[in-house]
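K.L.:
Have a look at this one before I ask anything.
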Amino acid sequence: MTRDDRRLERTLAAVHAAADPAPLARALARLAERDARAQLEPAWVRWLSRPAALAAAGALLVVSVSASLWIVRDTSDAAAPSLSADPIAGLLGEDGSLGLGVPGSDASGAALRPDSGEVR
Amino acid sequence: MLTLARSMMRDRAQAEDVVTEALLRVHDKGGSIRGDRGLRTWVLRIVANLCRDQLRRRKFVAGRADELSPIEHPGLMLRPVEGWDDALDQRRYAEAVERELARLPHDQREAMVMRHRLGLSHEEMMEALAVPIGTVKSRLARGLATLRSRLEGIDDAR
C-alpha cells in the first residue's frame with residue numbers, strides 16, 4: 001500500500017457522524033403513536049380501512065348488484081311472453097276464428113251473401 | 001447507522017429519515033433475531049437497503065456541490081488524524097475525498113464507507129450487502145482505484 005493509499009484510508013476513517021438522539025426519539029414517538037392508534041381502533045376496522053380491502057369490497061358490491069339485476073331481468077323476460085300472448089291467443093282461438101266459431105273462409109263468404117231477410 | 005446513512009445520502013434530513021425508518025423495522029422484526037451475532041450486519045443491511053431505495057427515488061441533490069461543505073452538510077465530522085503531515089491541509093484534503101466519494105457509483109461508495117468508515121470485515125460486508133465476497137473485494141478495489149486516480153495531485157497545492 002502506498003503512502004497516498006494510507007492517507008486516503010485514514011481520511012475516510014476520520015469522517016464520521018456524531019451520536020444523535022433525534023432519530024431514536026422520532027422512532028420512539030412513531031411507535032407510541034402507532035400503539036395508541038391500535039388501541040383506539042379494533043383490528044377489523046383497521047383492516048377494512050386499508051385501500052386494498054376497500055377496493056375488494058367495492059368490486060364485490062358491483063359484481064353482486066350486477067348479478068342480481070341480471071337474474072331479475074332474466075326472470076321477468078321468461079314470464080313476459082305468456083302474459084302478453086294470452087290476450088291475443090284468447091282472441092284468435094285455436095282455429096284462428098277469432099273465437100266466433102265462424103270458419104275463416106266462410107266468414108268472408110257470409111259477409112258477401114246478402115241477407116235473405118228470413119225470420120226464423 | 002447514522003454514519004452510513006449520512007455518508008450515502010449526503011443530506012442530513014434524509015439520512016435521519018432513513019435511520020428513523022430503520023429503527024422502526026429493527027423494532028418490528030428484532031424479535032426474530034437471536035443474540036447479538038449478526039445484529040450489526042443485519043441492521044446495516046436495513047440502512048443500506050433504505051438508502052438505496054431513497055437514492056433511486058431521488059432525482060437530484062439539492063444544492064450545488066461546490067457551495068455546500070461535503071462534510072458538514074450531511075452532518076458529518078472530521079476527526080484529526082494522528083501523525084497527519086502538518087504541511088498538508090487535512091480539512092481541504094478530506095473535503096476533496098468526500099466530493100470524490102459522492103461521485104462514486106452507489107455500490108462502490110457503499111463498500112468504501114462500510115469498509116473504511118465503519119471498519120467492517122469482508123465477511124461482515126458480505127452479510128450486510130448480501131453479495132459474494134468476491135463482489136465485495138471487487139467493489140472495494142474499483143472504488144479505491146477511482147478515488148486514487150481522481151485525487152492525484154490534490155495535495156500538491158501546499
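K.L.:
Which FRET efficiency value, to the nearest 0.05, do you get for residue A:60 and residue B:92 by plugging their Cβ-Cβ distance into 1/(1 + (r/R0)^6) with R0 = 51 Å?
P.N.:
0.15
K.L.:
Now for a different question. Which value at 222 nm does chain B reach when only helices count, each DSSP H run of 4 or more adding -39,500 (n - 2.57), with the total divided by all residues and rounded to the nearest 500 deg cm²/dmol?
P.N.:
So the calculated ellipticity at 222 nm is -19000 deg cm²/dmol.
K.L.:
Okay, moving on. Kindly write out, for segment A:14-23 in residue order, the coupling ³J(HN,Hα) from the Karplus curve 6.51 cos²θ - 1.76 cosθ + 1.60 (θ = phi - 60°), rounded to whole Hz, with x marking Gly and Pro.
P.N.:
Taking θ as phi minus 60°, the curve returns 7, 9, 7, 9, 6, 4, 9, x, 4, x Hz for segment A:14-23.
K.L.:
Under 5 Å between amide H atoms, partner at least 5 residues away or on a different chain: which partners does residue B:79 have, H built in plane at 1.01 Å?
P.N.:
Amide H neighbours of residue B:79: A:15, A:16.
K.L.:
Once phi is turned into ³J(HN,Hα) by the Karplus curve 6.51 cos²θ - 1.76 cosθ + 1.60 with θ = phi - 60°, what whole-Hz value does each residue of segment A:36-49 show in order, with x for glycine and proline?
P.N.:
5, 5, 5, 6, 6, 9, x, 4, 6, 5, 4, 5, 5, 7
K.L.:
Return the sequence-ordered ³J(HN,Hα) values of segment B:69-79 in whole Hz as given by the Karplus equation 6.51 cos²θ - 1.76 cosθ + 1.60 applied to θ = phi - 60°, using x for Gly and Pro.
P.N.:
5, x, 9, 6, 4, x, x, 9, 10, 10, 8
K.L.:
Considering amide H positions built from the backbone, and no H for Pro or chain starts, which residues 5 or more places from residue B:72, or on another chain, come under 5 Å of its amide H?
P.N.:
Here nothing satisfies the definition.
Where a number appears in this text, it was derived from the coordinates with a stated rule and is not lab data. What you see is a predicted model, and the numbers here were worked out from it, not measured in a lab. Because the Cβ atoms are built from the backbone with ideal geometry, glycine has one as well, and the counts that use them run over all protein chains shown.
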